Amino acid sequence: MANLLEYKCPCCGGSLEFNAQAQKMACPYCGNEFDMATLASYDEALTSSGAEDQMNWQSETDDNWTADEVSGMVTYTCKSCGGEIVGDQTLGASSCPFCGNPVVMTGQFAGALRPDIVIPFKLDKEAAKAGLEKHLEGKKLLPKVFKSQNHIDEIKGVYIPFWLFDTDTSANIRYKATKERTWSDADYNYTETEYYSVMRSGTLDFDDVPVDGSSNIDNKLMESIEPFDTSEAVDFQTAYLSGYFANKYDETAEDCIPIANERIKKSTRDTFRETVKGYHSVSEEACSISFHNARSRYALYPAWLLSTTWSGQNFLFAMNGQTGKFVGNLPTDKGAYWKYYGIGAGVSAAIFNLIAWIAAGANFGASHIIIAVIAALLVGFLPVGVMKSGMTTVRHKTEAQNYIKKDSLNLTVAEDLYLYKNVEKRAKPKPAQNS
């Protein structure tokens, strides 16, 4: 059975909400604020098995619905007005659609479902709106009507369930590396290549690598608003959820382990690779990585989600509720794309032709112009490519570099073994003979 918990103001009886700026519970009716410590007793409903249920939830069935539909839906009764709130089994906090009071489904965070920590919201809804405005600024490829006619369909603060993974890694990696030296004489160009076998072994520690535990949220979207600073995390209290939406996890720690493994292994390999220096080329030949003291914990992280519809498409944006990092993919105006491509190609063509004219002097001709134009057409894609990359800020994160424990890299083996060298010589081209 799930309880519906609502925080009442001791002064006027109004519903309390968590104020992100004050980091306190605040009453929107009488203006009084309350420290989180004074509300800790509310959480006894989560841990005390003898506590009496205040409200129950039940599955709503219909003769025309399938068993699968019924099993995924629950209803909650608002304690203030008696209205029914319908949601799925991952809904943890919401607001009553009839009276607007914030409610927390305490049963969703009881027992094993109780998060270990929570990072409270530090930024409010106005900051999220301002974040969207800033996100749209300076985007030259953005259709003008998207910004002028765009309106936010929905904006909500949501506590997202995350699994945090800590582990100590040990790695043994072998590389093939080369050094090159070149010189010339009257007849030949020489290239000397030295080959080395490079060994690196040691340990590296990771703390709080996050993986989104909700199947309802795009992993790439949550990865893109990282990092979160867990030094500002606090012990979980349901009071932090009041006034916000919240989901419980529906993907277990075991479900999320493959993603954590991918990120940790990638950053371990990258970190060890950075210790191999002084070579012209380095390629990995063999790699073995092991985890030790691997552990996970459950956390709720704050995020603002904004959605808007334009030209028949839905665009979803997200802002880190702690740091303010804002992401979201944007549409591209094809006309603006080709306009800026033309400008870039035209400027490049003028520059290349000038360079060719200076270099060729009296021999400057049509062939130089054709080469310069072809080069300019290719180079013209560079500036618009940079502009277009700025329109796509939601990306899959494959590394965990932000979660490496400071000064934890410990190299136990750092050997660079010289193997052999090879010298290649190439004859210089003979100058053309004048007839």
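One table, with the values for the structure above:
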item	result
Lone unmet requirement of (1) touching a residue at least 12 places away in the same chain (Cβ under 8 Å); (2) at positive phi; (3) out of contact with any strand residue (DSSP E or B) (no Cβ under 8 Å at 6 or more places or on another chain) for GLY361	(1)
Scope region 195-239; condition in a strand (DSSP E or B) and of a type in the set (Ser, Thr, Tyr); matching residues	TYR195, TYR196, SER197, SER201, THR203
Residues (of a type in the set (Gly, Ala, Ser) and either surrounded by 14 or more Cβ atoms within 10 Å (Cβ to Cβ) or under 17 Å from MET222 (Cβ atoms) (or both)) located in region 315-345	ALA318, GLY321, GLY324, GLY328, ALA336, GLY344, ALA345
Cross-chain or 6+ apart pairs with Cβ under 6 Å, region 263-289 first and in contact (Cβ under 8 Å) with a residue 40 or more places away in the chain, then surrounded by 15 or more Cβ atoms within 10 Å (Cβ to Cβ) and acidic (Asp, Glu)	ARG263/GLU399; LYS266/GLU399; SER267/GLU399
So ALA299, is it in contact with a helix residue (DSSP H, G or I) (Cβ under 8 Å, 6 or more places away or on another chain) and within 30 Å of PRO115 (Cα to Cα)	yes
Among (1) without any contact (Cβ under 8 Å) to a residue 40 or more places away in the chain; (2) in contact with a Pro (Cβ under 6 Å, 6 or more places away or on another chain), the one test that ASN402 misses	(1)
Set LYS425, LYS430, LYS421: member being more than 30 Å from LEU164 (Cα to Cα), part of a loop (DSSP other than H, G, I, E, B), basic (Lys, Arg) and more than 34 Å from the chain's Cα centre (by Cα)	LYS430
Scan of region 326-346 for residues that are among the aromatic types (Phe, Trp, Tyr) and touching a residue at least 24 places away in the same chain (Cβ under 8 Å), ordered by number	PHE326, TYR337, TYR340, TYR341
Residue pairs meeting the criteria (Cβ under 7 Å; at least 6 apart or on separate chains; first more than 13 Å from GLY328 (Cα to Cα), in region 127-149; second of a type in the set (Phe, Trp, Tyr) and at pLDDT below 90)	LYS140/TYR340; LEU141/TYR337; PHE146/TRP310
Pick from region 13-29, criterion farther than 17 Å from GLN237 by Cβ and modelled with pLDDT of 70 or more, ranking: farthest from the chain's Cα centre (by Cα)	TYR29
Criterion violated by ALA233 - all others in (1) modelled with pLDDT under 95; (2) farther than 20 Å from THR398 by Cβ; (3) surrounded by fewer than 22 Cβ atoms within 10 Å (Cβ to Cβ); (4) under 23 Å from the mean Cα position of the chain (by Cα) satisfied	(1)
Any hit, region 290-297, residues being of a type outside the set (Lys, Arg) and within 22 Å of the chain's Cα centre (by Cα)	yes
Residue in region 272-283 that is over 29 Å from VAL386 (Cα atoms), at pLDDT 95 or above and part of a helix (DSSP H, G or I) present	yes
Count of region 302-320 residues which are touching a helix residue (DSSP H, G or I) at 6+ places or on another chain (Cβ under 8 Å) and within 19 Å of VAL234 (Cα to Cα)	1
Matching option when the condition is outside any loop (DSSP other than H, G, I, E, B) and out of contact with any Leu (no Cβ under 8 Å at 6 or more places or on another chain), among ALA260, ALA246	ALA260
Tally of residues being in a strand (DSSP E or B) and free of Cβ contacts under 8 Å to residues at least 24 places away in the same chain across region 176-194	3
Sole residue being within 20 Å of THR393 (Cα to Cα), modelled with pLDDT under 95 and out of contact with any Ser or Thr (no Cβ under 6 Å at 6 or more places or on another chain), chosen from LYS144, LYS125	LYS144
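The values are calculated or read from the model by the stated rules, or taken from the named source; none is laboratory data. It should be emphasised that the depicted structure is a prediction, and the values quoted were computed from it without experimental measurement. Reconstructed Cβ throughout: ideal geometry from the backbone, glycine too, with neighbour counts over all protein chains shown.
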